[in-house]
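Note sheet for the following structure.
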Amino acid sequence: MADPFALFDAWFAEARSSEPNDPGAMALATADANGVPSVRMVLLKGHGPEGFVFYTNEESEKGRELKENPSAALLFHWKSLRRQVRIEGRVERVSDEQADAYFATRSRDSQLGAWASNQSRPLESRKIFEARYEEMKRRFDGQDVPRPPHWGGYRVAPSIFEFWSDRPHRLHDRRLFLAQDDGSWANWLLYP
């Protein structure tokens with residue numbers, strides 16, 4: 001298959017039927033302005049030829065790193081299928097309209113949590129966070145919860161895909177796709 005997006009769609013469809021929990025969970029690796037890396041799990045909330053979308057507090061560690069260094073790597077690992085997909089690319093913010101539309105689909109409790117959390121910052125006690133959450137419940141009582149101004153989405157626009165399948169005796173199957181200037185994808189096998 002010459003289209004990495006079509007191959008991803010096929011593998012992701014299989015993962016949705018076989019993974020017991022969160023087939024859209026992906027490791028997101030970022031780096032700060034000095035190149036110091038960090039990685040965490042996030043959830044895929046949309047994908048297509050433009051890229052792979054996730055949402056977060058933009059003042060979080062990942063948000064700060066993406067502002068300093070707008071490149072990232074993603075890794076999907078589907079243990080039930082014994083497959084993984086690695087993606088690297090540039091990162092851009094999604095539009096405010098797209099972020100608003102996604103935020104409106106979240107549960108009310110998740111919306112309130114986005115307002116209550118100073119994500120990635122030190123927290124003296126769980127009680128403080130719970131009090132902030134209760135404060136947000138009172139603040140937005142009887143009304144829709146708008147998207148916080150510090151909360152939005154990011155899209156990783158791939159320049160590299162690597163598809164990996166487990167094989168016996170560590171003789172794995174690996175296929176690399178590399179974006180070309182004309183919009184096509186070169187691809188070849190890699191040694192395991």
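Using only the Cα atoms of the stretch 94-187, each taken as one equal point scatterer with no solvent, compute I(q) by the Debye sum, divide by I(0), and report log10 of the ratio at q = 0.17 Å⁻¹. Taken in order of the listed q values, log10 I(q)/I(0) reads -0.81. Which of the GluC sites (Glu not before Pro) across the stretch 70-133 are loop residues per DSSP, with 12 or fewer other Cβ within 10 Å? Answer in residue order: 124.
Both radii come from the Cα set of the stretch 1-41: Rg as radius of gyration, Rh as Kirkwood radius; their ratio Rg/Rh reads 1.16. Once the Cα-Cα distance is subtracted from the 0.36 nm per residue extended length, the residue 172 to residue 67 segment shows a gain of 34.2 nm. If R0 is taken as 25 Å, the Cβ-Cβ distance between residue 124 and residue 27 corresponds to a FRET efficiency of 0.30. Find how many whole Å separate the alpha carbon centroid of the stretch 90-139 from the alpha carbon centroid of the stretch 46-62. The distance from the Cα centre of the stretch 46-62 to that of the stretch 90-139 comes to 15 Å. Packing here is the average count of other Cβ atoms within 10 Å per residue, and on that basis the peptides 57-69, 160-172, highest first, run 57-69, 160-172.
Nearest 10 degrees is fine. How inclined is helix 4-18 to the longest principal axis of the chain, computing both from alpha carbons? With rounding to tens, the tilt is 70 degrees. Each Lys or Arg adds one and each Asp or Glu takes one away; over the other residues whose Cβ falls under 14 Å from the Cβ of residue 127, this sums to -2.
Based on the alpha carbons, how large is the Rg to Rh ratio for the stretch 144-192 when Rh follows Kirkwood?
On the way: Rg = 18.3 Å, Rh = 14.1 Å.
Expressed as Rg/Rh, it is 1.30.
Debye-formula intensities of the chain, expressed as log10 I(q)/I(0) at q = 0.08, 0.15 Å⁻¹, are -0.32, -0.99 (one equal scatterer per alpha-carbon, no solvent).
Counting pairs of alpha carbon atoms under 8 Å apart in space and at least six apart in sequence, what relative contact order in percent does the chain give? Result for the chain is 22 percent.
Once the Cα atoms are used to define both axes, helix 96-105 deviates from the longest principal axis of the chain by about 80 degrees.
Residues whose amide H comes within less than 5 Å of that of residue 46, counting only those at least five positions distant or on another chain, are 53 (H built at 1.01 Å from N in the peptide plane). If you fit an axis through the alpha-carbon atoms of helix 126-139 and take the longest principal axis of the Cα set of the chain, what angle between them do you get, 0 to 90°, nearest 10? Roughly 70 degrees between the two axes. Between the listed residues 152, 113, 78, the Cα displaced farthest toward the positive end of the dipole of the chain, a dipole computed from Cβ unit charges relative to the Cα centre, is found at 78. Size estimate for the stretch 43-104 follows the Kirkwood approach: the inverse of mean 1/r over distinct Cα pairs works out to 13.1 Å. Size of the stretch 1-104 from its Cα atoms: along the principal axes, largest to smallest, the extents are 36, 32, 29 Å.
Readers should treat all values here as calculations from the given coordinates under stated rules, not as data from a laboratory. Every value quoted in this text rests on a predicted model; they were computed, and no experiment measured them. Quick reminder, even Gly has a Cβ in these numbers, built from the backbone with ideal geometry, and neighbours come from all protein chains shown.
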